[in-house]
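Report on the structure given below.
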Amino acid sequence: MSTARPVDALVAEIGSTTTVVSAFDGIAEGSSAPPQLLGQGFAPTSVAAGDVGIGMEAAQASLEAAVGPLDPAVTLATSSAAGGLRMTVHGLTQKMTAMAAREAALGAGGVVELTTSGRLRESELEAIERAMPGLILLAGGVEGGDTEVVLFNAAQLARLKVRPIVVYAGNSAVSGEARAILEAEGFGVRVTSNVYPAVDELDIVPARHVIHDAFEEHIIHAPGMERIAEFVNGGILPTPGAVLIAAELLADALGDLVVIDVGGATTDVHSVTDGSPEMAAIATDPQPHAKRTVEGDLGTYVSAAHVAELIPEAERPDPLPPAVPSTAGETAAAVLLAGTAARVGVERHAGQLAHLYTPKGRQTVARGRDLTACRLLVGTGGALTRLPGGEEMLASVRASTAGGERLLPPADARVALDRDYVLAACGALSTRFPADAVVALMRASLGV
């Protein structure tokens, strides 16, 4: 009878189609062994069957068939299954508090179904109910500023037929009143710091942490996800939120960077940077240090038809490839789609220079995200790491040597692939294990 091998951690990444269970050792505090990925097991995700545990058990069995029985000290999970972290976001003004709240939601790994500004209308309440969010993020008013709109919106949300968790991240002067209004109608409420405490000032990191905690509470009750709590003893994160945490750790070690994840349905772009001093001097809007955008129309399978429309007609793949390409022609088509999705996703993530004409003459300003200080581009996810030519796809998103007005990574930025497919798992590991060990795992995967 074989004895299970003690290991530091197992991490399950539960995707919309595939569940991956990864085993790690040498990452505990004071470990004498080097940090290492012991192996991975894969299985179809089984939420649709009404029990996510089927897929997790199958993936773990696949892992142990390769490396032997394991006895983990900690089990963790990330999930984008069951609709992911479905959220709606509500603020006072579109370009200030609503923008800040949306940045917090996306940075936490949210799938933002609806963003509103100003007083909530009946049609918007109906849209919230149709979206069936797991979480609602309510913001509004700088510190010492408006209180009427956020309290009105709290009262409007209290009328909803659905009862998602509400995270309050608005003017702290009325946080207690807003909480009381919602709790009186049966809502669970979490209060955090104001995401927009002053004009041109963002404070979204505390909200990200509260959203992660609320997600863990929500996901274990989502249909088909109930057994996730049986596997996990150390926490559950939204997968995109875990990737952003990993990107922040990498940036601390390696400098400003961009992480790109091209999937079958969406393309996520994460960047960790404060931009260049030159662009900061002419910037027009505040940006978070760590930012995530998600493009719901850029993917290699579900969104393939839309991506194909972005390719010149003479080069456009026909027919479109299946979810898992098996022939040379299907693989070439998938590479073309993935490269296009990566390039367009980064272009949308990046800001650009704009020219204003004033009484003093033409002035140049920088709008949006400045990626010009990002000297490392990281590719993760199935398309960039499993298809051939991933590094070339990453290289295509850099600025051309001829320059341009979009604030893209420089032409000489390095490229690296997450060949071990561990970034999301490492984001989860960082919540329980030393950062230097987790960074060592990522650097080994990237070869940097």
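Where a number appears in this text, it was derived from the coordinates with a stated rule and is not lab data. Source: prediction; values computed, not measured. No Cβ is skipped: glycine too gets one built from the backbone with ideal geometry, and neighbour counts run over all protein chains shown.
Looking at the chain, the DSSP beta bridges with both ends there are about 45 percent antiparallel. Applying the criteria of a DSSP loop state and at most 11 other Cβ atoms within 10 Å to the GluC sites (Glu not before Pro) of region 1-110 yields Glu29. Contact order normalised by length for region 30-122, with contacts defined as Cα pairs under 8 Å and 6 or more residues apart; what percent is it? Value for region 30-122: 21 percent. Based on C-alpha pairs under 8 angstrom that are at least 6 apart in sequence, the chain has a relative contact order of 14 percent. Each Lys and Arg contributes +1 and each Asp and Glu -1, all at the Cβ; summed about the Cα centre of region 85-219, the dipole is approximately 320 debye.
Calculate the FRET efficiency for Asp200 and Thr3 from the Cβ-Cβ distance with a Förster distance of 51 Å, rounded to the nearest 0.05. With R0 = 51 Å, the Cβ-Cβ based efficiency is 0.30. Of Pro44, Ala66, Met87, which is farthest towards the positive pole of the chain's charge dipole, taken about the Cα centre with +1 and -1 on the beta-carbons of Lys, Arg and Asp, Glu respectively? After comparing all options, I get Met87. Sequentially through region 250-257, phi angles give Karplus couplings (6.51, -1.76, 1.60; θ = phi - 60°) of 4, 5, 4, 8, 10, x, 4, 8 Hz, Gly and Pro residues having no value and appearing as x.
Database remark: amide H of Arg414 closer than 5 angstrom to the amide H of Leu376, Leu377 (H placed geometrically; neighbours at sequence offset of 5 or more, or on other chains; Pro and chain starts carry no H).
Counted residue by residue at 0.36 nm each, then reduced by the alpha carbon distance between them, the extension gain from Thr18 to Gln352 reaches 116.6 nm.
Magnitude of the charge dipole for region 99-168, about its Cα centre and with charges confined to Cβ atoms of Lys, Arg (+1) and Asp, Glu (-1), is about 240 debye.
Take the Cβ atoms of Glu122 and Val191, set R0 to 41 Å, and the FRET efficiency comes out at 0.95. Between the C-alpha center of region 68-95 and that of region 369-448 there is a gap of 21 Å.
Under a 5 Å amide H cut-off, with hydrogens placed 1.01 Å from N, Val302 pairs with Ala265 among residues at least 5 apart or on other chains. Only helices enter the 222 nm calculation for the chain: every DSSP H run of n ≥ 4 contributes -39,500 (n - 2.57), and dividing by all residues gives -10000 deg cm²/dmol, rounded to 500. Given +1 at the Cβ of Lys and Arg, -1 at the Cβ of Asp and Glu and no other charges, the dipole of the chain around its Cα centre is 580 debye to the nearest 20. Fully extending the segment from Gln363 to Ile311 would add 15.3 nm, taking 0.36 nm per residue of separation and subtracting the current Cα-Cα distance. Note on region 285-355 and region 165-205: Cα centroid distance 36 Å, given to the nearest whole angstrom. Modelled spin-label separation between Ser326 and Ala173, with each label point placed 7 Å from Cα along the Cα-to-Cβ direction: 6.5 nm.
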